[in-house]
Every structure is written in C-alpha cells, then in structure tokens.
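Right, one structure below, let's go through it.
The values are calculated or read from the model by the stated rules, or taken from the named source; none is laboratory data. Model, not experiment: these values are computed from the prediction. FYI the Cβ positions are ideal-geometry reconstructions off the backbone, even for glycines, and counts take in every protein chain you see.
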Amino acid sequence: MIKKTLNKLVMVLGIFLMFGIIMFPGMRDVIGNLMDTLLKPLLGGLPIHMIIFVLAAFTGLYASLIQKYTMDWGLMKRVQEKSKNIQKEMREAQLSNNAQKIKKLEGQYAEMMGDQMEMFKQQFKPMLYISIISIPLFYWVYLLIGQNPDATMIFPFWGEQKLDATVFWAFQYWLFWYFMCSIPVSQMTRKALNIGGTSVTGV
C-alpha cells in the first residue's frame with residue numbers, strides 16, 4: 001500500500017515537473033536556485049563544459065538504471081516479436097490474396113493492441129521517474145549558462161562556440177553537448193545491464 005502510494009506521488013511529481021514550467025514559468029528559476037545551493041559547492045571548481053559533462057554522464061547512468069528496474073523487458077520483447085510475426089504473415093497473406101488469413105491476422109492485431117498499450121505505459125513510467133532528476137538539473141544548467149553568457153567550448157567542425165548560442169531553432173550548444181555526453185554513458189550502461197540486448201529485448 002505504501003509502495004503504491006509512493007509510486008503515485010513520484011509519478012504526480014514527474015508530471016508536475018514536466019508540465020509545470022508551462023503553467024508556472026517562474027518555477028524554473030526557483031528550482032534552478034535550489035539546485036545551485038546544492039550543486040555549486042560540489043561542481044563550482046570545474047569549467048562549465050565539464051560540469052555539463054559530469055551531469056550528462058550521471059543522467060545517462062541513472063536513466064538506464066531506472067529503465068532497467070521499472071520496465072518489463074520480457075513483455076517488450078514478446079510484443080515486438082509478435083508484432084513482427086504478424087506483419088510478416090500479413091505481407092505473405094496479402095501477396096497471396098488470402099482473405100481468410102488476412103481477417104484472422106487483423107483479429108490477432110486487434111488483440112495485441114492491449115499489450116501495446118501496456119508497453120506504452122511501461123515506457124512512460126520510467127520517463128516520469130527520470131524527469132524528477134533530469135529537469136531540476138536542466139534548470140540549474142540553464143541558470144548557470146545565463147550567469148555565464150560568455151562561456152564557450154570548442155566543437156569538432158564548428159570550432160569555438162558560445163554555449164548559449166543556438167545550433168538550430170531553440171536548441172542551444174550546451175544542450176547539444178549535454179546529449180552528446182549522456183548518450184555514450186547510457187549505451188555503455190545499457191550494454192553492461194543487458195538492456196536492449198538479444199536476451200532482453202530487440203530494441
């Protein structure tokens with residue numbers, strides 16, 4: 001009972017952080033300043049691009065761990081394999097104009113929709129957990145970049161760029177660097193934990 005209540009509270013908090021900034025724009029600065037109090041003493045001696053690297057590596061690690069222990073990878077694998085098999089059989093039935101088999105496969109696909117909805121919920125749940133940590137970190141880095149508008153780093157091909165400049169649209173260089181750092185750590189962690197491996201899932 002306590003576990004279910006805590007789980008619901010965590011999910012509500014995750015949703016609030018994901019959509020709260022739209023309803024309460026000032027929340028970004030409040031959370032950013034709170035994280036500044038917690039993290040600046042720990043990371044204040046590093047250059048900004050290294051701070052982003054540390055946080056991005058941490059993001060990749062905990063995101064993979066959360067996915068590992070909150071998702072039913074067996075269900076994911078079964079649904080993916082079943083979907084692949086139905087699609088393959090459907091193509092064969094369509095090529096052979098087998099109306100009876102097509103109708104049967106359409107029924108199987110309709111039955112599988114319930115499993116696909118469950119799979120979607122399985123993917124949405126860890127996203128909320130991850131947002132509880134990621135969003136406050138993003139708010140802090142955003143605040144840090146705002147406090148240091150002249151911060152730069154050298155990128156391959158692009159040369160030296162200001163971290164608050166945009167790569168495209170509203171996607172800034174610091175955010176690009178953040179994702180570029182988190183992806184390798186996430187991939188290594190997923191490999192170590194066998195997330196997405198052949199024995200767990202086909203993703």
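The table below lists the values:
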{"quantity": "Pairs, first touching a residue at least 24 places away in the same chain (Cβ under 8 Å) in the range 69-81, second acidic (D, E), C-beta under 9 Å, six or more apart", "calculated": "D72/E118; L75/D115; L75/E118; R78/D115; V79/D115; V79/E118"}
{"quantity": "Selected residue [free of Cβ contacts under 8 Å to residues at least 12 places away in the same chain and not in a helix (DSSP H, G or I)] from G45, G107", "calculated": "G45"}
{"quantity": "Residue selected from the range 37-87 under the condition hydrophobic (A, V, I, L, M, F, W, C) and under 20 Å from Q108 (Cα atoms), by the criterion surrounded by the fewest Cβ atoms within 10 Å (Cβ to Cβ)", "calculated": "L75"}
{"quantity": "All positions within the range 116-138 that are surrounded by fewer than 15 Cβ atoms within 10 Å (Cβ to Cβ) and touching a residue at least 12 places away in the same chain (Cβ under 8 Å)", "calculated": "Q116, E118, Q123"}
{"quantity": "Index of the failed condition, I66 passing every other in (1) touching a Phe, Trp or Tyr at 6+ places or on another chain (Cβ under 6 Å); (2) free of Cβ contacts under 8 Å to residues at least 40 places away in the same chain", "calculated": "(2)"}
{"quantity": "The range 139-163, residues that are without any contact (Cβ under 8 Å) to a residue 24 or more places away in the chain and either in contact with a strand residue (DSSP E or B) (Cβ under 6 Å, 6 or more places away or on another chain) or outside any loop (DSSP other than H, G, I, E, B) (or both)", "calculated": "G146, Q147, T152, I154, F155, G159, E160, Q161, K162"}
{"quantity": "Count of the range 1-20 residues which are surrounded by 12 or more Cβ atoms within 10 Å (Cβ to Cβ) and free of Cβ contacts under 8 Å to residues at least 24 places away in the same chain", "calculated": "3"}
{"quantity": "Qualifying residue in the range 29-43 (condition: among the basic types (K, R), modelled with pLDDT of 85 or more and over 20 Å from the mean Cα position of the chain (by Cα))", "calculated": "yes"}
{"quantity": "Selection from the range 37-55 of residues that are of a type in the set (A, V, I, L, M) and touching a Leu at 6+ places or on another chain (Cβ under 9 Å)", "calculated": "L39, L43, I48, M50, I51, I52, V54, L55"}
{"quantity": "Members of the range 164-192 that are buried (at least 17 other Cβ atoms within 10 Å of the Cβ), touching a strand residue (DSSP E or B) at 6+ places or on another chain (Cβ under 8 Å) and of a type in the set (S, T, N, Q)", "calculated": "Q172"}
